[in-house]
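S.K.: So that we are looking at the same thing, I have put the structure below in structure tokens.
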Protein chains: 2
Amino acid sequence: MTDERTWSIAELADEFGVTLRTIRFYEEQGLLTPARNGTRRIFADGDRVRLGLVLRGKRLGFPLEEIKKIIGMYDAEPGEVGQLRYLVDQIEHRRAELEQRRRDIDATLSDLAELERRCRADLDRLTG
Amino acid sequence: MTDERTWSIAELADEFGVTLRTIRFYEEQGLLTPARNGTRRIFADGDRVRLGLVLRGKRLGFPLEEIKKIIGMYDAEPGEVGQLRYLVDQIEHRRAELEQRRRDIDATLSDLAELERRCRADLDRLTG
DNA sequence: ACTTACGTTAACGTAAACGTCAAGTAGCGG
DNA sequence: CCGCTACTTGACGTTTACGTTAACGTAAGT
């Protein structure tokens, strides 16, 4: 059976290390769509997962608008053939983008490694 | 001999696909420090490299302030032992950050691959 | 001398992603 | 009923990273 547990806004904020304002803002932007009990927001497991995806996107430096599109791809209905082709196309696009990022990261890591090597050499020289 | 070629602001902007305003802004923020001929900016090879580093940092989603610190590490003087230790520390910090990013990228790529697999399966089913 | 190209500073405008009050509501223990 | 706690919706403020005029200088081509 599916996990029936739910969370309050404060619980989620606490768990993910964000503020209440942030979560409300994400809902306002259509990134989250929690249920309601009266006016109170009720977060189900799916909402939790989505928040995780949003924050992962943020760590990657994507703007929220981009993140929204990416997450949107996850829960798109199969729909018709044209939509599916379009979606596959989008996926390719994102993949290329991410692979470029990984190259940038690797280049930077390589630069940092070289820098660290030089630093350690200097340290060895200075401290004997 | 070192490459003595220089560039105008427009040449650099063109080469890197940014606006003049962007380059001027980067100078204002201390990310670039081109020489001058009167009021005109003269960019040497080092300035070009720095601009490349700035833009790579941007592709990675770092704010300019962070980028400034990172680039600052590249051309820090060896200096004293304490500074070197601090620098090595900083490098470690950045490295950890970047490695987290790479994990996020790999996770996302994996998600996208799974998504694409499902899309292609749907397409196969629909188109025979 | 006039235009065109290329450059300059100064200053105001803008969009994103929240922070930060302010003012109100809803439930619960005492 | 009182006060506390957790929650709500505005609404304005803030920072970052530039865009966008405005107003001007300079040097070359015709």
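S.K.: If I filter region B:61-71 down to residues being open to solvent by 60 Å² or more (accessible area, probe 1.4 Å) and more than 11 Å from chain A (Cβ to nearest Cβ), which single residue comes out as farthest from DNA strand C (Cβ to nearest atom)?
M.R.: My answer is B:K69.
S.K.: Taking region B:19-38 only, how many residues are under 16 Å from B:I71 (Cβ atoms) and not in a helix (DSSP H, G or I)?
M.R.: Counting residues in region B:19-38 that are under 16 Å from B:I71 (Cβ atoms) and not in a helix (DSSP H, G or I) gives 6.
S.K.: Which number in (1) assigned to a helix (DSSP H, G or I); (2) facing chain B (nearest Cβ under 10 Å); (3) away from DNA strand D (no atom under 16 Å from the Cβ); (4) open to solvent by 30 Å² or more (accessible area, probe 1.4 Å) marks the one condition that A:K58 misses?
M.R.: (3)
S.K.: Of B:G17, B:G46, which residue is open to solvent by 40 Å² or more (accessible area, probe 1.4 Å), within 25 Å of A:D106 (Cβ to Cβ) and within 13 Å of DNA strand D (Cβ to nearest atom)?
M.R.: B:G17
S.K.: Continuing with the same structure: With respect to B:L31, is the statement that it is at the interface with chain A (Cβ under 10 Å from one of its Cβ atoms) and either touching a Cys at 6+ places or on another chain (Cβ under 9 Å) or within 13 Å of DNA strand D (Cβ to nearest atom) (or both) true?
M.R.: For B:L31, the condition - at the interface with chain A (Cβ under 10 Å from one of its Cβ atoms) and either touching a Cys at 6+ places or on another chain (Cβ under 9 Å) or within 13 Å of DNA strand D (Cβ to nearest atom) (or both) - is not met.
S.K.: Applying the selection to region B:1-48, what residues are of a type in the set (D, E) and at pLDDT 95 or above?
M.R.: Within region B:1-48, B:E11, B:D14, B:E15, B:E27, B:E28, B:D45, B:D47 qualify.
S.K.: Something else: Looking only at region B:72-88, which residues are buried (at least 18 other Cβ atoms within 10 Å of the Cβ) and either more than 10 Å from chain A (Cβ to nearest Cβ) or over 19 Å from A:L109 (Cβ atoms) (or both)?
M.R.: Residue satisfying the conditions is B:L84 alone.
The values are calculated or read from the model by the stated rules, or taken from the named source; none is laboratory data. This structure is a prediction, so every number in the text was calculated from the model and none was measured. Please note: Cβ atoms are built from the backbone with ideal geometry, for glycine as well, and neighbour counts cover all protein chains shown. With ligands, DNA and RNA removed, areas are computed over all heavy atoms of the protein, side chains included. Shrake-Rupley method; radii C 1.70, N 1.55, O 1.52, S 1.80 Å.
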